[in-house]
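**Student:** What follows is a structure written as structure tokens; I'll ask about it next.
The values are calculated or read from the model by the stated rules, or taken from the named source; none is laboratory data. It should be emphasised that the depicted structure is a prediction, and the values quoted were computed from it without experimental measurement. Neighbour counts run over all protein chains shown; Cβ positions are idealised from the backbone, glycine included. Heads up: the accessible areas ignore ligands, DNA and RNA and are worked out on the full protein's heavy atoms, side chains in. Shrake-Rupley method; radii C 1.70, N 1.55, O 1.52, S 1.80 Å.
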Amino acid sequence: MQITKVMAILAIVTLPLAAQADTLSEDRVKELVLEAIRENPEIVLEAVQIIEQHEQQRQAAAAASVLSDNRDVLENDPNAPVLGNPDGDVTVVEFFDYNCPYCRRVKPEIEALLAEDPNVKLVYREWPILGEGSVFAARAALAAREQGKYEEFHWALMGMQGRAEEASVIRVAEEVGLDIAQLRRDMQAPEIDAHISASMEMSRDLGFNGTPSFVIGDALVPGVIDADQMIRLTEEARAAKQ
């Protein structure tokens, strides 16, 4: 147990002793605390739960503040790929990695959402956190924008078998008709560095720990969600705007 948690637990446990603190020695207070814990060990668990609840509330409040401050960048960054309806009245932002099996699992759910709701704007944040292959795939996908093939390449990478590594990514790029020499040149563009750096920073500030992670309206949703959940959240976001 962390020292900070122990100190907090002791603070909670010793509250009933506060009135006597002026008349008790430090050693006696410690003895009373240990005695209270021995007689009622469940109070330690209760104290930990209280601390964890407070921490969760603090993190949620901090993430909400970050979301509010960065809403425009999240939803309208010109350096982020957009699928669906660019003029949609509700924006879904997904942070993802091409080597994330859960991101691949959510692919048909995303497709179902876009098919169901023609007014959804889908913003992709490339967040390559699963190795060099992920970084190569993200850079290649972002570079494909210069040839007007981001969407086709994205779906192909999400549907590929095996890991996304340099060789497999290039193979998929060839299959969708990308000019590989141009793709490799465009992968070095500073805009790609900027996009990935921004994704890293925003995901951290929003409290996301893995992929996929979604921002839908005011909802921060880590992990896999199905199409029905996405549709419900987009409808709630739409209603909140009215």
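**Student:** Taking the residues in segment 61-101 that are outside any loop (DSSP other than H, G, I, E, B), under 13 Å from the mean Cα position of the chain (by Cα) and at pLDDT 95 or above as candidates, determine which candidate is farthest from residue 241 (Cα to Cα).
**Tutor:** Restricting to residues being outside any loop (DSSP other than H, G, I, E, B), under 13 Å from the mean Cα position of the chain (by Cα) and at pLDDT 95 or above, the top hit is 96.
**Student:** Kindly indicate whether residue 190 is free of Cβ contacts under 8 Å to residues at least 12 places away in the same chain, surrounded by fewer than 23 Cβ atoms within 10 Å (Cβ to Cβ) and under 21 Å from the mean Cα position of the chain (by Cα). If you could, list the steps in order and put the result at the bottom.
**Tutor:** Working: free of Cβ contacts under 8 Å to residues at least 12 places away in the same chain: yes; surrounded by fewer than 23 Cβ atoms within 10 Å (Cβ to Cβ): yes; under 21 Å from the mean Cα position of the chain (by Cα): no.
Answer is no for this residue.
**Student:** Under 22 Å from the mean Cα position of the chain (by Cα), modelled with pLDDT of 70 or more and surrounded by 11 or more Cβ atoms within 10 Å (Cβ to Cβ): is that true of residue 28 in this structure?
**Tutor:** Details: under 22 Å from the mean Cα position of the chain (by Cα): no; modelled with pLDDT of 70 or more: yes; surrounded by 11 or more Cβ atoms within 10 Å (Cβ to Cβ): yes.
Answer is no for this residue.
**Student:** On the given criteria, is residue 200 open to solvent by 10 Å² or more (accessible area, probe 1.4 Å) and closer than 21 Å to residue 67 by Cβ?
**Tutor:** Criteria met by residue 200.
**Student:** How about segment 166-238: which helices (runs of 4 or more DSSP H) wholly inside it have at least 1 residues that are farther than 16 Å from residue 124 by Cβ and in contact with a strand residue (DSSP E or B) (Cβ under 9 Å, 6 or more places away or on another chain)?
**Tutor:** So the answer is none; nothing clears 1.
**Student:** Looking at segment 114-159, which of its residues are open to solvent by less than 50 Å² (accessible area, probe 1.4 Å), farther than 19 Å from residue 179 by Cα, touching a residue at least 40 places away in the same chain (Cβ under 8 Å) and more than 19 Å from the chain's Cα centre (by Cα)?
**Tutor:** Within segment 114-159, 117, 120, 159 qualify.
**Student:** Another question, if that's okay. Among the listed residues 198, 164, identify the single one that is small (Gly, Ala, Ser) and closer than 23 Å to residue 76 by Cα.
**Tutor:** Checking each option against the conditions leaves just 198.
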